[in-house]
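The values are calculated or read from the model by the stated rules, or taken from the named source; none is laboratory data. Bear in mind the structure is a predicted one, so any value in this text is a computation, not a measurement. Because the Cβ atoms are built from the backbone with ideal geometry, glycine has one as well, and the counts that use them run over all protein chains shown.
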Amino acid sequence: MIAAIRFILATLLFAAPLTNVYAAPAKKHFANRDDVAQFVTEMSQQHGFDSAKLTALFAHTAALPNVVQLMQAPVVLQSNSWVAYRQRFVEPKRIAAGRKFMLHYDAALARAETSYGVPREIIAAIIGVETIYGRNMGRVNTLAALSTLAFDYPPRAELFRHELSEFLLLARDANRDPRHYKSSYAGALGLPQFLPSSIRSYAVDFDDDGAIDIAGNAIDAIGSVAKFLNAHGWQTGAPIAITVNVSGDYLADVLANGVNPFFLPSTFEKLNVVISPVGAGDTPLSIPDLPAALVDFTSANAPTEYRLGYQNFYVITRYNRSRFYAAAVMDLATELKKQND
């Protein structure tokens, strides 16, 4: 998720008079609303924004109803089918693009791995899953999208008002007009699709050019992804997940724990949940004596797959809460590592 964060705008939010810049849209905008006025007051009191200029900014920002529609869209079958989900992200074109990306940015990936302890193929896989290495970073006006979600989407208004606040701070720190950012419909920016709060917390100037730019600078994006994962508890050299066969009377209870790594192998035994690594046989595999979550991956027309997810699997879900997402990143990384070994 995003962009440059080094320089501070000293006094004014915008240099040009608003009356010369804006043409009032024919669409619904955010003028004369109590909730917007309250937000403006908070931004003025807490962060020193000019109330009049911020009010004018929102008054000339058009709402995007399609953003709310996308947020409310029903979950498609692909999101409920692991096989379909995996095929979308772990496929030949994305693997080929990932291999080129890793070759081109080999030095930066190696440095990020050394600095933050995150394998280079995991960093590359996240950027590949998020934007296909910059091919799909979003074309929605970020200010309009975040304003719409902050004020016209009650189910997650608190979250998006926070992100809107972070976005305005981000633009001010970068001395950049907030009207000129493009993102996903949810306000995620750049090659790694960071939300504004993540940019301000985790984005780094990894090439030391004096500016942070995770939209146009892949080296900054690489370092920022690595820092995010490291900050959320990545364990260097530890496993991510292993595929297992499972049976037992209390299987549903164990699965209800979600992705939080909680159960030791001895705990599974006490619950009469029998777990064996897939591939055991002529070459026996062992299960690490580490806390893990038992995670299921269901598909419409295929058997359910089970994995033991360890701390690093959990860390990937801090990037995106979906267990499918974390497994897709892991599997794409495995393919990228094969290509680059």
Pairs where the first residue, in the range 44-70, is among the acidic types (Asp, Glu) and the second is surrounded by 15 or more Cβ atoms within 10 Å (Cβ to Cβ), C-beta under 7 Å, 6+ apart
ASP50/LEU13
Residue hits (the range 32-43; of a type in the set (A, V, I, L, M, F, W, C) and in contact (Cβ under 8 Å) with a residue 40 or more places away in the chain) are VAL36, PHE39, MET43
Unmet requirement for LEU290, which otherwise passes all of (1) modelled with pLDDT under 95; (2) surrounded by fewer than 19 Cβ atoms within 10 Å (Cβ to Cβ):
(1)
Only residues in the range 98-127 that are touching a residue at least 40 places away in the same chain (Cβ under 8 Å) count as the first member; pair them with residues that are in a helix (DSSP H, G or I) and among the aromatic types (Phe, Trp, Tyr), Cβ under 8 angstrom, at least 6 apart or cross-chain, and list the lot.
ALA124/PHE101; ILE126/TYR319; ILE127/PHE101
For the range 101-114, indicate whether the set of residues that are among the β-branched types (Val, Ile, Thr) and closer than 24 Å to ARG318 by Cβ is non-empty.
yes
Scanning the range 237-277 residue by residue, the ones that are over 22 Å from the mean Cα position of the chain (by Cα) and on the phi > 0 side of the Ramachandran plot total 3
Looking at the range 42-56, which of its residues are within 17 Å of PHE30 (Cα to Cα) and out of contact with any Ser or Thr (no Cβ under 9 Å at 6 or more places or on another chain)?
ALA52, LYS53, THR55
Scan the range 119-154 for residues that are of a type in the set (Val, Ile, Thr), touching a helix residue (DSSP H, G or I) at 6+ places or on another chain (Cβ under 6 Å) and farther than 27 Å from LEU109 by Cα and jot them down.
THR148
Within the set of pairs 6 or more residues apart or between chains, which connect a residue that is charged (D, E, K, R) inside the range 154-173 to a residue that is not in a helix (DSSP H, G or I) with Cβ atoms less than 6 Å apart?
GLU163/GLY187; GLU163/LEU195; ARG172/LEU9; ASP173/ILE5; ASP173/ILE8
Among the numbered criteria (1) more than 23 Å from the chain's Cα centre (by Cα); (2) over 27 Å from LEU146 (Cβ atoms), which single criterion is violated by ALA84?
(1)
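Residues are listed down the side, and each one gets a yes or a no for (1) crowded, with 20+ Cβ neighbours inside 10 Å; (2) in the same structural domain as GLU166 (by TED's automatic domain parsing); (3) in contact (Cβ under 8 Å) with a residue 24 or more places away in the chain; (4) part of a helix (DSSP H, G or I):
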{"site": "SER197", "(1), (2), (3), (4)": "no, yes, yes, yes"}
{"site": "ALA221", "(1), (2), (3), (4)": "yes, yes, yes, yes"}
{"site": "ASN260", "(1), (2), (3), (4)": "no, no, yes, no"}
{"site": "SER286", "(1), (2), (3), (4)": "no, no, no, no"}
So is ASN230 touching a Phe, Trp or Tyr at 6+ places or on another chain (Cβ under 9 Å), more than 27 Å from ARG120 (Cβ to Cβ) and in contact (Cβ under 8 Å) with a residue 24 or more places away in the chain or not?
no
Scanning the range 293-339 residue by residue, those surrounded by fewer than 15 Cβ atoms within 10 Å (Cβ to Cβ) and touching an Asp or Glu at 6+ places or on another chain (Cβ under 7 Å) turn out to be THR304
Within the group SER115, SER81, SER183, which residue is at pLDDT below 95 and in the same structural domain as LYS337 (by TED's automatic domain parsing)?
SER81
When you look at PHE206, is it of a type outside the set (Val, Ile, Thr) and closer than 21 Å to GLU121 by Cβ, yes or no?
yes
Could you list, in sequence order, all residues of the range 202-211 that are in contact with a Lys or Arg (Cβ under 9 Å, 6 or more places away or on another chain) and touching a residue at least 24 places away in the same chain (Cβ under 8 Å)?
TYR202, ALA203, ASP205, PHE206, GLY210, ALA211
Within the range 223-236, work out how many residues are under 13 Å from the mean Cα position of the chain (by Cα) and either of a type in the set (A, V, I, L, M, F, W, C) or crowded, with 23+ Cβ neighbours inside 10 Å (or both).
5
